[in-house]
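See below for the structure under consideration.
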Amino acid sequence: VAQAAAGLHHAVAGGHVGEGVLGYVLVFFAIWWAWMNFTWFASAYDSDDVPYRLLTLLQIAGVLLLAAGVPAAFEARDFAVVTAGYVLMRVAMVTQWLRVAHDDPAGRRVALRYATGVTACQSGWLALLAAPQPWPPPGFVLLAAAELAVPIWAEHPGPRIAWHPGHIAERYGLFTLIVLGESVLAATNTVQAAIAAGGLSAGLVAVAAGGLLLIFALWWSYFDRSAVEGLRRSAGSAFRWGYGHLLVFACLAAVGAGLQVAAQTVQHHASLQPRGAALALAVPTALYLATIGMLHTLVNRHLGERPAARYAAAAVLVVLAAAATPPLPLALAVPLIGSLVAALVVTDLLRPAA
């Protein structure tokens with residue numbers, strides 16, 4: 001996550017927005033999808049024996065290999081190392097599913113379908129490496145769609161794997177905290193570097209304070225509602241809730257990159273104009289708000305909770321605040337964006353009990 005966010009930050013700060021966003025999407029998909037598959041599998045089949053732990057070590061090695069390849073992916077569109085790390089993680093997961101097929105007769109058919117689907121997808125990724133570089137976007141879209149379809153295809157005939165709603169909600173919450181922590185760390189490092197290079201300024205203080213308020217409000221908005229009961233009630237909702245977190249996690253990490261760009265722009269250390277820097281922060285914030293509003297609505301409908309419209313309205317206001325820069329100074333736009341998200345939190349706190 002740190003490597004992906006750093007790559008996005010450097011690309012956007014250098015004015016290469018399109019290339020940076022494309023590289024970020026490709027890399028973050030690999031991070032999220034491998035993590036998501038491991039999380040749901042572990043909820044159902046964490047045997048914690050020696051082979052399971054050794055296969056987990058193999059997946060850790062894949063993560064490190066993927067991270068090592070991120071700079072080349074952003075700078076040269078060379079995805080060879082990223083792909084090798086990703087495939088290594090997924091091959092370990094195939095082995096885990098084959099163990100399930102051997103040890104769990106009731107889940108054998110589903111496990112074999114998982115193993116077959118994941119293996120086919122990894123063959124596709126390896127074949128894509130032979131294509132002319134940089135990767136053709138249609139190839140990535142096709143294989144990513146195939147990856148997303150594997151769990152739906154594997155579990156369609158049933159029985160569904162016996163994952164635990166409480167465990168799933170907890171693991172997603174922990175990953176959210178990790179991504180938010182990365183955003184805080186990235187912004188802190190940038191502010192420290194800006195102070196060392198040019199000293200403390202009123203604009204930098206405003207950006208730092210606004211960023212802190214924003215991240216705090218984003219954290220609050222995520223954990224404002226529990227998803228456990230909603231996940232327990234509807235397996236179909238659980239699939240959509242889990243998949244929707246690709247945008248949640250990717251946008252939260254991108255918020256950290258946006259804060260870095262804003263801090264550098266205030267200190268005149270970035271190639272972007274103030275409006276571009278404001279949008280670099282506002283766009284991922286708005287996408288996060290719209291997504292989390294829909295996810296809260298999805299898993300809390302049984303409580304009469306439908307916050308999607310409020311969150312979408314807040315997302316629009318956040319983008320408008322960025323679009324108003326200038327004449328609105330960037331040093332005021334960042335606190336305004338944080339204040340708008342904080343106002344959404346206050347609105348939710350004051351809402352009548354369901």
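The values are calculated or read from the model by the stated rules, or taken from the named source; none is laboratory data. Please read these numbers as outputs of a predicted model, since none were measured by experiment. All Cβ positions, even for glycine, are placed from backbone atoms using ideal geometry, and neighbour counts span all protein chains on display. Ligands, DNA and RNA are excluded from the accessible area calculation, which covers all protein heavy atoms including side chains. Shrake-Rupley method; radii C 1.70, N 1.55, O 1.52, S 1.80 Å.
Could you give every pair whose Cβ atoms fall below 6 Å, whose first residue belongs to the range 139-155 and is under 16 Å from Trp32 (Cβ atoms) and touching a residue at least 24 places away in the same chain (Cβ under 8 Å), and whose second residue is open to solvent by 40 Å² or more (accessible area, probe 1.4 Å) and among the basic types (Lys, Arg), counting only separations of at least 6 or pairs across chains?
none
May I ask you to list pairs of residues, at least six apart or on different chains, whose Cβ atoms are under 8 Å apart, with the first in the range 206-224 being under 11 Å from Thr176 (Cβ atoms) and aliphatic (A, V, I, L, M) and the second being open to solvent by 10 Å² or more (accessible area, probe 1.4 Å) and at pLDDT below 90?
none
Go through (1) more than 27 Å from Leu8 (Cα to Cα); (2) open to solvent by 60 Å² or more (accessible area, probe 1.4 Å) and name the single condition Ala68 misses.
Unmet for Ala68, out of (1) more than 27 Å from Leu8 (Cα to Cα); (2) open to solvent by 60 Å² or more (accessible area, probe 1.4 Å): (1).
Given the condition over 28 Å from Tyr24 (Cα atoms) and touching a residue at least 40 places away in the same chain (Cβ under 8 Å), answer yes or no: does some residue in the range 68-86 qualify?
Checked against the condition, which is being over 28 Å from Tyr24 (Cα atoms) and touching a residue at least 40 places away in the same chain (Cβ under 8 Å), the range 68-86 yields no hits at all.
Here is a check on your reading of the model: is Ala127 without any contact (Cβ under 8 Å) to a residue 12 or more places away in the chain, more than 20 Å from the chain's Cα centre (by Cα) and loosely packed, with under 15 Cβ neighbours inside 10 Å?
Yes, satisfied.
Results for (1) polar (S, T, N, Q); (2) over 27 Å from Gly236 (Cα atoms); (3) at pLDDT 90 or above; (4) touching a Leu at 6+ places or on another chain (Cβ under 6 Å), shown as yes or no for each residue.
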position	(1), (2), (3), (4)
Gln273	yes, yes, no, no
Gly304	no, no, no, no
Ala312	no, no, yes, no
Pro329	no, yes, yes, no
Ala333	no, yes, yes, no
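Give me a count of the residues in the range 71-103 that are open to solvent by 10 Å² or more (accessible area, probe 1.4 Å) and outside any helix (DSSP H, G or I).
Here the count works out to 2.
Of all the residues that make up the range 111-139, how many are modelled with pLDDT of 85 or more, of a type in the set (Phe, Trp, Tyr) and within 19 Å of Leu246 (Cβ to Cβ)?
1
Please pick out the residue among Leu58, Leu54 that is modelled with pLDDT of 85 or more and either surrounded by 19 or more Cβ atoms within 10 Å (Cβ to Cβ) or touching a helix residue (DSSP H, G or I) at 6+ places or on another chain (Cβ under 7 Å) (or both).
Checking each option against the conditions leaves just Leu58.
Looking at the range 202-234 only, could you name the residues that are under 21 Å from Gln260 (Cα atoms) and open to solvent by 40 Å² or more (accessible area, probe 1.4 Å)?
Those that are under 21 Å from Gln260 (Cα atoms) and open to solvent by 40 Å² or more (accessible area, probe 1.4 Å): Ala202, Val205, Ala208, Ala209, Leu212, Leu213, Phe216, Trp219.
Scan (1) among the small types (Gly, Ala, Ser); (2) out of contact with any Leu (no Cβ under 8 Å at 6 or more places or on another chain); (3) surrounded by fewer than 18 Cβ atoms within 10 Å (Cβ to Cβ) for the single condition Gly139 breaks and write down its number.
Status for Gly139: all satisfied but (2).
Can you tell me which residue within the range 145-194, out of those that are in contact with a Ser or Thr (Cβ under 9 Å, 6 or more places away or on another chain) and open to solvent by 60 Å² or more (accessible area, probe 1.4 Å), is farthest from Leu281 (Cα to Cα)?
Result: Ala162.
Output the residues belonging to the range 58-73 that are of a type in the set (Val, Ile, Thr) and more than 16 Å from Ala5 (Cβ to Cβ).
Ile60
From the list Gly276, Gly304, Gly256, which one is under 16 Å from the mean Cα position of the chain (by Cα) and of a type outside the set (Val, Ile, Thr)?
Result: Gly256 is the single residue among Gly276, Gly304, Gly256 that is under 16 Å from the mean Cα position of the chain (by Cα) and of a type outside the set (Val, Ile, Thr).
Residue under question is Val299, and the condition is that it be of a type in the set (Val, Ile, Thr) and open to solvent by 10 Å² or more (accessible area, probe 1.4 Å); does it hold?
When the stated conditions are applied, Val299 does not pass them.
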